[in-house]
Structures are given as structure tokens and as C-alpha cells.
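Visitor: Below: one structure in C-alpha cells.
The values are calculated or read from the model by the stated rules, or taken from the named source; none is laboratory data. For clarity, every value in this text was computed on a predicted model and none was experimentally measured. When we count neighbours, we look across all protein chains shown, and the Cβ atoms used for this are built from the backbone with ideal geometry, even at glycine. SASA here: full protein model, heavy atoms, side chains in, ligands and nucleic acids out. Shrake-Rupley method; radii C 1.70, N 1.55, O 1.52, S 1.80 Å.
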Amino acid sequence: MTTTLEEIASLVGGDLDGDGTRVVSGVAAIDEAGPGEVTFLHHPKYLPLFDSCRAGAVIVSTEIRHEVDGRERPFALIVAQNPYLAMARVARHFEPARAKRRGVAPSADVAPDAVIGADVEVQAGAHVAGGVRIGDRSVISAGAFLGENVQIGADAVLHPNVVVRDGCRIGDRVILHPGVVVGADGFGFAWDGACHLKIPQAGIVAIEDDVEVGANATIDRATFGETRIGRGTKIDNLVHIGHNVVVGENVLIVAQTGVAGSCRIEDGAAIGGQVGMIPHVTVGKGAKIVPQSGIAKDVPAGEVVAGSPAMPHRVWLRVAAILPKLPDLYAALRKGGPA
Amino acid sequence: MTTTLEEIASLVGGDLDGDGTRVVSGVAAIDEAGPGEVTFLHHPKYLPLFDSCRAGAVIVSTEIRHEVDGRERPFALIVAQNPYLAMARVARHFEPARAKRRGVAPSADVAPDAVIGADVEVQAGAHVAGGVRIGDRSVISAGAFLGENVQIGADAVLHPNVVVRDGCRIGDRVILHPGVVVGADGFGFAWDGACHLKIPQAGIVAIEDDVEVGANATIDRATFGETRIGRGTKIDNLVHIGHNVVVGENVLIVAQTGVAGSCRIEDGAAIGGQVGMIPHVTVGKGAKIVPQSGIAKDVPAGEVVAGSPAMPHRVWLRVAAILPKLPDLYAALRKGGPA
Amino acid sequence: MTTTLEEIASLVGGDLDGDGTRVVSGVAAIDEAGPGEVTFLHHPKYLPLFDSCRAGAVIVSTEIRHEVDGRERPFALIVAQNPYLAMARVARHFEPARAKRRGVAPSADVAPDAVIGADVEVQAGAHVAGGVRIGDRSVISAGAFLGENVQIGADAVLHPNVVVRDGCRIGDRVILHPGVVVGADGFGFAWDGACHLKIPQAGIVAIEDDVEVGANATIDRATFGETRIGRGTKIDNLVHIGHNVVVGENVLIVAQTGVAGSCRIEDGAAIGGQVGMIPHVTVGKGAKIVPQSGIAKDVPAGEVVAGSPAMPHRVWLRVAAILPKLPDLYAALRKGGPA
């Protein structure tokens, strides 16, 4: 597909500084883009790459544009309010068309009573148990396993070796990356004086539309009722979501974070990587959690917290700056004088 | 299955306050239970749900019972010493009967010399190598892989895509959730001046009876000898157990914890989530490790520790309370006055 | 295979104190080795096991040798500069010969245009898509998945249920342990005011020769260009490597560490377990990161850092020693006197 720079600028709502009739056919990183490609420069850290860039056009912010004002360049500039978002739009514009679905492979293990939508692909070595329903145009890749009565929406993509255990429900356009496990038993045991008695995990996992879950992440089924991941939420690799957790809409959860049982994460929250949450706490709407934080009590809506145990981020920044000074502080105090 | 409340009270050793002839047929969460179901209220946080509860019976502690004394309610109370354990017993009572085993699927890849017990299920797409022995009534799910000479006990359940590499031994009634990897090589290398020389990992993993391992957890084989997980121990999702680790009986290890090589965790210890342990340390009998702790030296039996590096929990609670005050403390000290 | 102790001493460049004609045939741990086996004692912690050791020979350092001087023993000593490396060499010497490759299983799902080298093994239930190339003597285990146009070098071993998505390249002698996911989409989204817009992840992962990746680790494909793991680097279980990360040669990354997008880790660095790195930071050549550290800015070459946020390790050791004293310090300050 080829597109003029004028069309690109219009697509991203940006101002074009250069030849609008020039034609481009793809996107690339700033140090790799050629004359037929668009790139972007969204972070001052990458300014040194500007002068050697050979792209057809570079998407920049107003600030970056000022920085490079007057510099010689063989490419057009497209000035956008949010260059990162603009680049996303251009990359999606040039994205290859969806591969044609290949139907149900003869060697796929599909129960006779599974209900398979139109134009679905079930690859060789996939397993589809009884009572499963798969919506139109979805892909169940090799080695993926759908337990009894699982429901998969339309246009969903389950990558190789994904496991969705019995009774769980997956919405439309959901992407589950390789190795994701949905619906394993929650970690529930009661000590009876001699052993840890397993508490049956009788609930399910419900994943709403437009959710994406990263490779080898795990989302446990509820003890009763359901563990729920809200519409548009994006979960990164190796994240753990415990039983009965409720995650709202458009939440981001970065890699290796662990959310213990019965937590609630409200709409639009953003949880950094390697964060830990103890059971039964709530992260309010739009709250932000800095990576590696430990959440042991509720986080109010809109708050930004950091540290383990977590505190307001502005406080944590000051604490973190003082920590390396503790030895000198301590030594001064031992002498009785001011630090 | 239906059961009277009198039978339920007797099952859990609780006191019934209500109509003992009432019949119930299942368990559910307090906000979802209907008149034919039992639920429980074990945490004061959920007291607001008491008045709208529509269950047939609610299991409570003596303390909660006092809290709700005199309130109008359409349901019976069952007062139990440990409502959580009581609920576990009731949930197990109503658990559906075990699914009938379906034998060895024709398309399972089973070596001719594997020894398969009575009433075993090996699903399509499972791989069973030479010399494997599988005990009676065990299930090897789709996509699971048993390497050469693996031994699986009776009544074990290996969920889809579990991998048990060659020579490892799994006990009776063990549950391995989807994606668990048992017996991958330990992380052992020696720098020879030019490269990290791989140290052959010639040992195995031995998992004793009644162990449960969560989704995508990994337990590495020993360099020599064996990595051992003791009877009744429960391991959560995405936990890492390094080579030559020895875990005792009835230990709990919560999600995303990492136990480095040659560590020893003694009977009845409880390790929180996202804990890290460096190689060669011992956690004593019954010790408790708070989530996100870093264990860099031995933890004595019965201790409760927290923080990274870990310290006694009672000390850590005070440290954690002071951390957010450090900036003010520091500012006061710079002025020379008391904080 | 049997070997004399004289040959063993020569193999490891060590000094033999004992009967050089004695014959041994394997290696074992110090508390398990019998008269026909070699073992090693590299840590003073294990000195108590010396007197009861029944091995044929024990590899020790000069220091340990002094410790045990004059003690009665039924075995030879081999004194080596680096007993750990010496033991690695001996263990490799006795390693069983490589299993014979078994060819392409009839039930493997191999695209007609895949190019399979000489003496390759593709097990039942493996999936090899169109355009794939596999080098000589490599093994693709059961349940492994190679997407379109994947390239695998010679003598590589992909364990069961490994996933390598389309376009990724794996070098010679690479080992991918069970459940490893190479080439899943990076975590890239741009907020458009209503939803998190997915940024197409059009790049690949390139893994160079002699790399080893631990069970269930995940390495994401680049947005553009490639995520790269350098020659000889060893990555442990459950590690997360984000999109566009560049890891140099002979790097060690211990279990459960998370490396966010666009980070750079230079040659010979060693990253402990459960470390977290935010996007776009660089760890310099030969730097060392202590376990559980949080890396939020560049680490210079050769530095050793610890803590979250990280600081020089020598500072962190002093900070960590003071943390448990904070409560007393604070109390003293509240009284106005010296601590």
C-alpha cells in the first residue's frame, strides 16, 4: 500500500512541513527508516539520530520541532500533538491485511457438539471440548486448549498453547498471547490441623471485549462467581491475576505484576511492572501504581503511589532521594551533631 | 445433592441458629447465594452485605455473630470456630463427582513400553515417552508431555500443556495446573574465561503426594540428586523453584515467588507472593515470610520476617511506618533541631 | 565411560593428592558420591560433610585444602583454582552422549516448504509453518510451534511447548526450555482518548548462538527492527524481555527479572533475580545488579548496584544495615538527643 505524506498528515491530524505528494509505504524505527518510510521521534534522547535519519517523513511534537528548527534534512516533518499516538495510527494504516482464516484443520481435536462460527480457523493440534462456542473469524492456534463449555467471541485470536479451562468466557477481538492460562484453580486452601484442605474453585473467568493478555500470564478462576477482566484492558507478560479479582475497563497492567485474590482495579488505572497487591484491596479509578510497588491497602481514585508499602508518589520521590544519605545521616547523629 | 442445615452444621462442627430441616444444595458468595445455598461471612469488611443476603444459611464466627445479633434475617446462621475452614468443608461436600476417566485417546502419543494404570485418562495430543509409569485413575491432559522414565502416582491430574521432563517423579493426588514445567535444567554455568560453560543438570525433581502447583510455575531439576517438594505443599502460579531446592511438607508458596538453587524450606513454612530467596538459605519450620521480602540469610523456625533484606516483621512494621516521615526528619535534622 | 584420577586432574588443571591410577565413572553431590565418583566442595558451609564423604575424589580450592589438612580420608583430593569450573568440566566429561536424532515424526505438522537440515528431530505434535528453516541436528520437541519463516540454527534444542512466532531467528546451539515464548507482541499501546490503540508489533526477535533461555521465559518481538539476545547469554526461568531490548554477549539474567522495552544490557553484565528495569535504560558492560533491584536510570559499565531505586552496592549495604535501626533512631530524635 502506498500513501502520500499529505494523506498521512491528515490521518494523524498533524501539520506537514515538506512535500505532500511524496509517497511512502511503511513505518520503521528512526535509525532504520528509508526514504519510502515514515518514522517518529518522540523522546529528546533520540535527537542525536535526527541528522543521520534517511526516512521520508518524521513525526515530531511541537517541542522537538523547535529543537530541530533550521537543521538541514532530506525528509518532511509532520508535527503532531501526540507523536506516539500519531505513529500508532500510521503503523496501523500500513499493517498487513489479516491473514485469511484456514478453517478447521482435519487433525484438530474438536468435539462434535462444539459450535464453530463462520470463517473460523482451528489449527492442527488445537483441542476444543464439548459445548464450546467460537464466534466468527476467530483463530484457535496449534496447541491451544478450550475446556468444556468455553465461549470465545468473534475476531478473537488465541495464540499457540493458550489454555482456557472449562466454563470461561472470552469476548470479541480478545488477543491471548502464547502460553496464557485462563481459568486455572485459584489458590484457596484451609488448614484443618493436619493438611491444607483444597477449596473447590467453582467459578469462572470472564474476559470482556478488546482485552489483550501477554505471553504466559495467568488468570485464575473464581472460587464462586467470576474473575472479571473489563473491556479494553491490556495485560502484559507473566502477570498473575488471582481468583475473584475484578479488573475494570481500559486498565493497563505491566509485566510480572501479581494481583492477589478478590482485589478490585477500577477503570483506567495503570499498574506498573512487578507490582504486588495483597488480597481484598481496591485500586481506584485512574490511579497509577509505580513499578515494584507493594499495595497493602486501598489506593484512592486518581492517586499516584510508589514504594513497598506504597505511599504517595511525591512522598516516595523524596524518601528515595534520602535513602542513600542514611549512612551519613546516621553517622552524624551518632556524634550528636546536626546532619 | 441436597442436604439439611442440620447435616451441614454437623459436618462443620458448628452451632445452628435456624431451621435445621431446611434443605440446601450448594455454596455461593454472600452477594450471589440464593435460598437453596450456603454462604459465609468471615471478614468484617463484608458485613454491609449481611442485610441484603438471600442465602439459606450463613456461616459466621462467634465475633461476627455478635455483630449481627438481633438483626432481622431470612436465613439460618451456623456459628463455627473457623468459618473459612467450615466453608471449605461445605464446598467440598457439594463438589461435583469426579468426571469419569476416558481411557487413552487413540491420537495420544504413547510409547509402547509405557505402563499405564487402571482407569487412566490420556487425552489426544498428550505425549508419553518410553519407560513412563502412570498410576491408577490419573489424568494426562491434552498437550502434556512426560519425558522418558517419568513416574506419575495414582489420582494425579496433569492439566493441559504441563511438561514433566525425563526421570522426574510425581506422587499420588498431585495436581499440576496448565503450563507447569517440572524438570527443566537448573541455571548452572561456570565462567571459563571466554564463555559461561553449561553445567550438566543430571538430577531430577521429586514431587511427593498431595502437592499442588499453580499455572506456569517452574521447578528445575537438580544438578545431582533431586529437587524435592514435600507432601501436601501448595505452590501458586508463576513460582520459580531452582535446582536442588528442598521444600518440606505442608508449605505454602504464593504466586511469583522465586526460590534460588539449594535453598531449604522446612515443614509448615508460609512464603508470601513475590518473595525472593538467594541460593543456599534455609527457612525454618513454620516460619512466615511477608510478600515481596528478600531473603538473604537463614530464617529461624517460627520467625515472621518482612522487608528486603528481611528483618523481623515487628521491626519492619515500625520501619515501614517511619519511611514516609524520612523527608521531614531529614529536613529537621538539617536545621539542627529535633524532628 | 571410565577415567583415571590422573586424567581428571589433568582435565581440570588441578593438583592431585592421592592415587592417580584410581578409576572413576561419574560425578555426584558430596553427600551422595560413591567410591567410583568425583565430587567437589567449594563452600566452607559444606565442610561438615567432608569426613563422611565416600567419594573417589573431591575437588577443592587451596583454601579448603588447608582447612582439611591432615584429616583422615578414603579419597583423593584434586586442588583446583576454581573448583566450581573444575567440577563443570568433569561433569561435562561424563555427560551421556547426545541422544540419536529420530527424524521427523509422521504426525508432526510440518509445512511442505519448510527446509529441514540433516539429522534433525521433529517430534510428534510439533508444528512447523511455511518458510521455516531448521539447521542440522536440531530438535523440535512435542508441542513446540514455529511460525512462518522462523529460522533455527544447527544443534539447537527446542524443548516441549516452546513457541517461536513468525519471522524470528534462533542461532546455533541455542537451548529453549519448555514453555519459552519468543516473538509474542510487545506491550505497545497509545491512548486515543477512548481506548488503548494497539501499536502493531512488526519486528522480530533474533537470538544469537549459544544462548540458553529458561522455562516459561518470554522475549517479545520488536515494534520495528529486532529484539536481540547476544551470543552466549544465559536467561533463567520466567524472565521477561520487552520489545526492542538489546542484550549483549555472555550476559546472565537470573529468574523472574523483567527488562522493559528498549533497554540495552551490554556484554558480560550479570543481572540478579527479580530485578526490574524501566524502559530505555542501559546497563553497561560487566555491570552487576543485585537481586530485587529497581533500575530506573543507566548503570555505568563495571558498576555493582542494589536497592530500588538502585544505588551503588557499597552504599546499599550500609543503608540496609541502618534500616532496622530507624525506629530507635526516630525515637531518639523525637526526644531531641543523639541516637
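Visitor: If a paramagnetic tag sat 7 Å from the Cα of C:TRP191 along the Cα-Cβ line, which residues of segment A:230-269 would have the backbone N under 16 Å from that point?
Guide: A:232-235, A:248-254, A:266-269
Visitor: How large is the dipole of segment C:110-252 about the Cα centre if only Lys and Arg carry +1 and Asp and Glu carry -1, each at its Cβ, rounded to the nearest 20 debye?
Guide: In debye, rounded to 20, segment C:110-252 gives about 220.
Visitor: Under unit Cβ charges (Lys, Arg +1; Asp, Glu -1), what dipole magnitude, rounded to 20 debye, does the protein assembly as shown have relative to its Cα centre?
Guide: Computed charge dipole of the protein assembly as shown: roughly 2280 debye.
Visitor: Right, another one. Compute log10 of I(q)/I(0) for segment B:36-99 with the Debye formula, placing one identical point scatterer on every Cα and leaving out solvent, at q = 0.15, 0.30 Å⁻¹, to two decimals.
Guide: -0.45, -1.47
Visitor: In addition: When only the heavy atoms of the protein chains count and the probe is 1.4 Å, how do A:ARG102, B:ARG173 rank by accessible area, highest first?
Guide: Putting A:ARG102, B:ARG173 in descending order of accessible area: A:ARG102, B:ARG173.
Visitor: Please state the Cα pair-distance histogram of segment B:1-159 with 5 angstrom bins from zero: what percent is in each bin?
Guide: 2, 9, 16, 16, 9, 5, 7, 9, 10, 9, 6, 3, 1, 0
Visitor: I've got another one for you. Let me check I've understood the local charge: for C:ALA156, count other residues with C-beta under 13 angstrom from its C-beta, Lys and Arg +1, Asp and Glu -1. What total comes out?
Guide: Summing Lys and Arg as +1 and Asp and Glu as -1 gives -3.
Visitor: Something else about it: Given H placed on each backbone N at 1.01 Å, which residues far from C:LEU197 in sequence or on other chains put an amide H within less than 5 Å of it?
Guide: C:ALA190, C:TRP191, C:ASP192
Visitor: Share of antiparallel DSSP beta bridges in segment A:217-323, in percent to the nearest 5?
Guide: 10 percent
Visitor: Over its Cα atoms, what ratio of radius of gyration to 2.2 N^0.38 Å does chain A give?
Guide: 1.24
Visitor: With point charges of +1 on the Cβ of Lys and Arg and -1 on the Cβ of Asp and Glu, referenced to the Cα centre of the protein assembly as shown, which listed residue (C:PRO279, C:ALA118, C:ILE219) lies farthest in the positive direction of the dipole?
Guide: Looking along the dipole axis, the top candidate is C:PRO279.
Visitor: Here is a follow-up. Only helical DSSP H runs with n ≥ 4 go in: add -39500 (n - 2.57) per run for chain B, normalise by residue count and round the 222 nm mean residue ellipticity to 500 deg cm²/dmol.
Guide: After summing the helix terms and dividing by residue count, I get -3500 deg cm²/dmol.
Visitor: Okay, moving on. Past the 17 angstrom mark, what percentage of all C-alpha to C-alpha distances in segment A:277-339 do you count?
Guide: It works out to 49 percent of all Cα pairs.
Visitor: Quick one: pull the percentage of alpha-carbon pairs in the protein assembly as shown with a separation above 40 Å.
Guide: 45 percent
Visitor: On to the next question. Taking amide H atoms as placed 1.01 Å from N in the peptide plane, list the residues 5 or more away in sequence, or in a different chain, whose amide H sits under 5 Å from that of B:ILE152.
Guide: B:ARG133, B:ILE134, B:GLY135, B:ILE170
Visitor: Chains C and A: what accessible area do they bury, summed, in square angstrom to the nearest 100, with a 1.4 Å probe?
Guide: Summing both chains' loss of accessible area gives about 4500 Å².
Visitor: Considering the Cα trace of segment B:97-195, what is its radius of gyration and what is Dmax, both in angstroms?
Guide: Answer for segment B:97-195, Rg first and Dmax second: 14.9, 60 Å.
Visitor: Ordered shortest first, which distances in nm separate the 7 Å Cα→C-beta label point of A:ARG54 from those of the other copies?
Guide: 7.0, 7.0
Visitor: Okay, moving on. Measuring label to label, 7 Å along Cα→Cβ, what does A:GLU95 give against each other copy in nm, shortest first?
Guide: 4.3, 4.3
Visitor: Could you pull the accessible area for A:GLU266 with a 1.4 Å probe, rounded to 10 Å²?
Guide: Counting only protein heavy atoms, the figure is 70 Å².
Visitor: Count charges around B:VAL305 for me, please; just the other residues with Cβ under 15 Å from its Cβ, Lys/Arg as +1, Asp/Glu as -1.
Guide: +2
Visitor: Roughly how many Å² is the accessible area per residue of segment B:1-133, as a whole number, for a 1.4 Å probe?
Guide: Spelled out: the 1.4 Å probe surface of segment B:1-133, per residue, equals 51 Å².
Visitor: What's the local net charge at C:GLY34, with K and R +1, D and E -1, over the other residues with C-beta under 14 Å away?
Guide: With Lys, Arg at +1 and Asp, Glu at -1, the neighbours total -1.
Visitor: Whole-Hz Karplus ³J(HN,Hα) for segment B:149-163, in order, using 6.51 cos²θ - 1.76 cosθ + 1.60 and θ = phi - 60°, x for Gly and Pro?
Guide: Coupling constants for segment B:149-163: 6, 5, 10, 10, x, 8, 6, 7, 10, 9, 6, x, 6, 6, 10 Hz.
Visitor: Taking amide hydrogens as modeled 1.01 Å from N in the peptide plane, which residues meet the under 5 Å criterion relative to C:PHE145, leaving out close sequence neighbours?
Guide: C:HIS127, C:VAL162, C:VAL163, C:VAL164
Visitor: At 7 angstrom along the Cα-to-beta-carbon line, where would the label on C:GLY70 sit relative to the other copies? Give the distances in nm, shortest first.
Guide: With the label placed 7 Å along Cα→Cβ, C:GLY70 yields 8.3, 8.3 nm.
Visitor: Give a residue-ordered list of calculated ³J(HN,Hα) values for segment C:203-214 (Karplus: 6.51 cos²θ - 1.76 cosθ + 1.60, θ = phi - 60°; whole Hz; x for Gly, Pro).
Guide: x, 10, 10, 10, 10, 7, 4, 6, 8, 10, 10, x
Visitor: Dipole magnitude of chain A about its Cα centre, charges +1 at Lys/Arg Cβ and -1 at Asp/Glu Cβ only, in debye to the nearest 20?
Guide: I would put it at about 1000 debye.
Visitor: How large is the Rg to Rh ratio of segment C:268-312 when both quantities use alpha carbon positions and Rh follows Kirkwood?
Guide: The Rg/Rh ratio comes out at 0.90.
Visitor: Separate question: To the nearest Å, what is the center-to-center distance of segment C:122-170 and segment C:245-316, using C-alpha atoms only?
Guide: 30 Å
Visitor: Cross-link list C:LYS234/C:LYS285; A:LYS285/A:LYS325; A:LYS100/C:LYS198; C:LYS288/C:LYS325: which exceed 25 angstrom alpha carbon to alpha carbon?
Guide: Correct reply: A:LYS285/A:LYS325; C:LYS288/C:LYS325.
Visitor: ³J(HN,Hα) across segment C:123-128 via Karplus (A = 6.51, B = -1.76, C = 1.60, θ = phi - 60°), whole Hz, x for Gly/Pro?
Guide: With coefficients 6.51, -1.76 and 1.60, one gets 7, 3, x, 8, 10, 10 Hz.
Visitor: Considering only A:VAL27, A:GLY135, C:THR257, whose Cα is most displaced toward the positive end of the charge dipole of the protein assembly as shown, charges sitting on Cβ of Lys, Arg (+1) and Asp, Glu (-1)?
Guide: C:THR257
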